[in-house]
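Please read the structure below before turning to the comments.
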Amino acid sequence: MGTERRNDDVLGCVLAALGTPFLVLEWLLSLPRRRRRNRLLAGGKIRCPHCLATVYIEGRAVCPACATTSWGSYLSCPNPQCDWQTNAVDCPTCKATIFLETT
Ligand SMILES: [Zn+2]
Ligand SMILES: [Zn+2]
């Protein structure tokens, strides 16, 4: 009888001790996912989630609102009087619209 009781206590202690590391582990596992997304945006290109082609979000961009042509991000217009911006780009390969998560 005494032995069973002690086993339960040990199990309870182990579970309690495991609870916190599991939360930390979950957080650590979510880090590469977040970092990868940031790195892709900073690198000026993303991967199309539909056809997996590389889609550049930086280059020679023409603003659809004021027709300003510039070298830089396709996601916003450098003209301060226009201020056009978007969170979506079209994949040149499969023509799907890809929405970007902006922070
Ligand atoms: Zn513009
Ligand atoms: Zn595509």
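The values are calculated or read from the model by the stated rules, or taken from the named source; none is laboratory data. Here the structure is a predicted model, which is why all the values come from computation and not from measurement. Cβ sites come from the backbone with ideal geometry, for glycine too, and all protein chains shown count toward neighbours.
On the stretch given as the stretch 76-103, residues that are within 18 Å of the chain's Cα centre (by Cα) and either within 12 Å of ligand 1 (Cβ to nearest atom) or outside the structural domain of C48 (by TED's automatic domain parsing) (or both) total 1.
Restricting the stretch 42-83 to residues that are among the charged types (D, E, K, R) and at negative phi leaves a set whose member that is farthest from ligand 2 (Cβ to nearest atom) is R60. Within the stretch 71-93, residues that are touching a residue at least 60 places away in the same chain (Cβ under 8 Å) reach no partner that is in a loop (DSSP other than H, G, I, E, B) with beta carbons closer than 6 Å at six or more positions or on different chains. The residue that is nearest to I46 (Cα to Cα), among those in the stretch 66-103 that are in contact with an Asp or Glu (Cβ under 9 Å, 6 or more places away or on another chain) and among the aliphatic types (A, V, I, L, M), is I98.
Here the strands (runs of 3 or more DSSP E) wholly within the stretch 58-103 that include at least 3 residues being surrounded by fewer than 13 Cβ atoms within 10 Å (Cβ to Cβ) are 58-62.
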